[in-house]
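The structure appears right after this line, and notes come after that.
The values are calculated or read from the model by the stated rules, or taken from the named source; none is laboratory data. It should be emphasised that the depicted structure is a prediction, and the values quoted were computed from it without experimental measurement. All Cβ positions, even for glycine, are placed from backbone atoms using ideal geometry, and neighbour counts span all protein chains on display. Heavy atoms of the whole protein, side chains included, go into the accessibility calculation; ligands, DNA and RNA do not. Shrake-Rupley method; radii C 1.70, N 1.55, O 1.52, S 1.80 Å.
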Amino acid sequence: GLVGDKWAAAGVSGLGGDAPGFGQRGRRRFGQRQRLAANMQAQGYSLAGLIALEDLQMAQFLKSQAEVDPLRVSAVGFSFGAYRVWQLAALSSVIQKAVGVGWFNELNALRTADGNFSKGQSSWLMIHPGLFKLLDIADIAALAIPKPLLIVNGAKDPLMPAAGWLGATRRLCDLYNEAQKNGCEQLETKLWENEGHVFSLATQQLVISFLKR
């Protein structure tokens, strides 16, 4: 909220939306998220798909507002919000630039015994049935090419192994280059050596600089 207030004061229009199980829709209630996902799947639906659909609808709503320049719509997210951001950039023609802070990695690095995807709970929000048989995380983000992306993380983030983050960003850079000459110039990455799972002031300044460019 405070970040959004500062950007609004600077003349930036913004829209923030909680996914099911976050904020006013169930803050930190991991068990509720898992129950919701399991019951939706039992009925033939996907919680991850619902979240992606809601984000697409939010992007369209934001674009429709009179004060918004439809050619300058960006998306910024932290933690699970970062996953939602580069997923949305891949899915939506509305989003022109995207910034993901605190969620990017190789799938195998998250599937270890103590990895993020092996714990259940929030991982249900990100798993589209069958998708990871075909694509790794970087491959999904690459569907946003040639849009500019900024991917940021802390090397001490206990949720996102640094080695996996490095491997995933290298893979994403390669995919940008495969798509077009010098394509990786559209991708910016930053791994803070001494930061954990945070959206720090230094990262906020980095994000503002990226969006202004």
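Descriptive notes on the structure:
- When the charge dipole of the chain is built from unit charges on Cβ atoms (+1 for Lys and Arg, -1 for Asp and Glu) and taken about the Cα centre, the candidate among GLY81, TRP192, ALA141 whose Cα reaches farthest toward its positive end is GLY81.
- Labels on offer are (i) 8, 34, 39, 17, 2; (ii) 7, 21, 19, 13, 12, 10, 8, 6, 4, 1, 0; (iii) 8, 30, 30, 21, 9, 2, 0, and the one holding P(r) over Cα pairs in 10 Å bins from 0, in percent computed from this structure is (i).
- Heavy-atom surface of region 80-213, accessible at 1.4 Å and reported per residue (Å²): 46
- Exposure rank, largest accessible area first [LEU125, LEU159; 1.4 Å]: LEU159, LEU125
- FRET efficiency estimate (nearest 0.05) - Cβ-Cβ, ASP114 to ASP174, R0 30 angstrom: 0.60
- Using the Karplus relation 6.51 cos²θ - 1.76 cosθ + 1.60 with θ = phi - 60°, the per-residue 3J(HN,Hα) values for region 137-144 come to 4, 5, 5, 5, 4, 5, 5, 7 Hz, with x marking Gly and Pro.
- Karplus (6.51, -1.76, 1.60) ³J(HN,Hα), θ = phi - 60°, over region 152-160, in Hz, Gly and Pro reported as x: 10, 7, x, 5, 9, 5, x, 8, 10
- Accessible surface of the chain, 1.4 Å probe, proportion on carbon and sulfur as whole %: 53
- Candidate cross-link partners of LYS181 among the lysines, defined by an alpha-carbon separation under 17 Å and a same-chain spacing of 8 or more, comprise LYS147.
- Within region 186-213: backbone nitrogen closer than 16 Å to the ALA162 label point (7 Å, Cα to C-beta): 190-198
- Probe 1.4 Å, all protein chains present, accessible-area order of LYS133, LYS63, largest first: LYS133, LYS63
- When the Cα positions of VAL152, GLY164, VAL207 are compared along the charge dipole of region 146-213, VAL207 comes out farthest toward the positive end, with charges on each C-beta of Lys, Arg, Asp and Glu.
- Assuming charge only on the beta carbon of Lys and Arg (+1) and of Asp and Glu (-1), the dipole of the chain about its Cα centre is about 360 debye to the nearest 20.
- Each peptide in 54-62, 167-175 receives the mean, over its residues, of other Cβ atoms within 10 Å, and ordering these scores from highest gives 167-175, 54-62.
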